[in-house]
Amino acid sequence: MQVIRSLSQMMQLVYPAGKSVGFVPTMGYLHRGHLSLIQASKRECDITVASIFVNPAQFAPKEDLSTYPRDIERDLKELEKLGTDYVFIPSEGMIYPEGFGTWVEVKRLSEILCGNSRPGHFKGVCTIVLKLINIVRPDIMFMGEKDYQQLMILRKMLEDLNLRTKIMACPIVREADGLAMSSRNSYLGTADRALALSLYKALVQTKKAVAAGKMDTHMLIALAKQTIRIAGANVDYVEILDSRDLSEQESINEHSRMLIAAYVGKTRLIDNISLNSED
Ligand code: AMP
């Protein structure tokens, strides 16, 4: 495994002719969710590149940029074990040099859900991902359904800007009790860890209600909010949307997806689930 910390070295890297390149962008502090993306890339592509960069542009001033968990040495060991070929670790100055002034924004999709509670977040995400794609030049980028809105926004960006890179979506990896894995779970103390599970409980409860024939999205959303509130977490949003374009739905169909964001103490967690019983 080669660790590349130089921008020009990464940009000039020559991949063997005819080999497909898979790319897994991350902010580090890797868990099994991230590692499942590396495994998917190893399965689908000849060469796997990962990146580790905590992107300041996607954090608002009062968010957790300075405390975001980091452990590069452990990350590198995990990536090496899985047979990652290259790990790109740029510095902040390389990515956003003095005078940097170009930003990418996907309208509508970036303005709802997390975009509503975190203004500017997706502008930061789109800009870094487009830059990383230009630097790494992958055929396929592997991303988790954990960040479902991000996935949809980046797909739209690739399509709108005619990029050749494709996105492959990978399922959410969960802890044994159902909590979606997240680097931010490391913020949770024992009591908060129990509250955090209410997001998953609300999702599963909704999926069961749908399987039992409940089709009114407003009623299902109200129930899920209640489950989270009773547990003691603060709901940011609970929505049931069409998984193809994140448009609103009055009634459940095979494309319905529930998306949740909630604060457990100061930690903001997100999770989502397909409400189609066949998924
Ligand atoms: P992050 O390091 O949080 O920016 O995440 C990097 C990539 O890992 C994104 O594509 C995430 O969607 C994905 N990811 C994070 N958590 C999970 C998880 N629990 N299961 C699957 N993918 C995940």
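The values are calculated or read from the model by the stated rules, or taken from the named source; none is laboratory data. Given the structure is predicted, the values throughout are model-derived calculations rather than measurements. When we count neighbours, we look across all protein chains shown, and the Cβ atoms used for this are built from the backbone with ideal geometry, even at glycine.
Remarks
- From 202, 194, residue being within 23 Å of the chain's Cα centre (by Cα), modelled with pLDDT under 95 and more than 13 Å from the ligand (Cβ to nearest atom): 194
- Within the range 167-191, the set of residues being farther than 20 Å from residue 227 by Cβ and over 16 Å from the mean Cα position of the chain (by Cα) comprises 176, 186, 187, 189, 190.
- When residues in the range 1-38 are screened for being closer than 20 Å to residue 130 by Cα, of a type in the set (Phe, Trp, Tyr) and within 16 Å of the ligand (Cβ to nearest atom), 1 of them pass.
- Subset of the range 133-162 [of a type in the set (Val, Ile, Thr), within 14 Å of the ligand (Cβ to nearest atom) and either surrounded by fewer than 22 Cβ atoms within 10 Å (Cβ to Cβ) or closer than 24 Å to residue 11 by Cα (or both)]: 133, 140
- Failed item in (1) of a type in the set (S, T, N, Q); (2) within 12 Å of the ligand (Cβ to nearest atom); (3) not in a helix (DSSP H, G or I), with residue 41 passing the rest: (3)
- If you go through the range 29-61 and keep only what is farther than 14 Å from residue 181 by Cβ and of a type in the set (Ser, Thr, Tyr), you end up with 41, 48, 51.
- Unmet requirement for residue 75, which otherwise passes all of (1) surrounded by fewer than 18 Cβ atoms within 10 Å (Cβ to Cβ); (2) among the acidic types (Asp, Glu); (3) out of contact with any helix residue (DSSP H, G or I) (no Cβ under 7 Å at 6 or more places or on another chain); (4) in contact (Cβ under 8 Å) with a residue 24 or more places away in the chain: (1)
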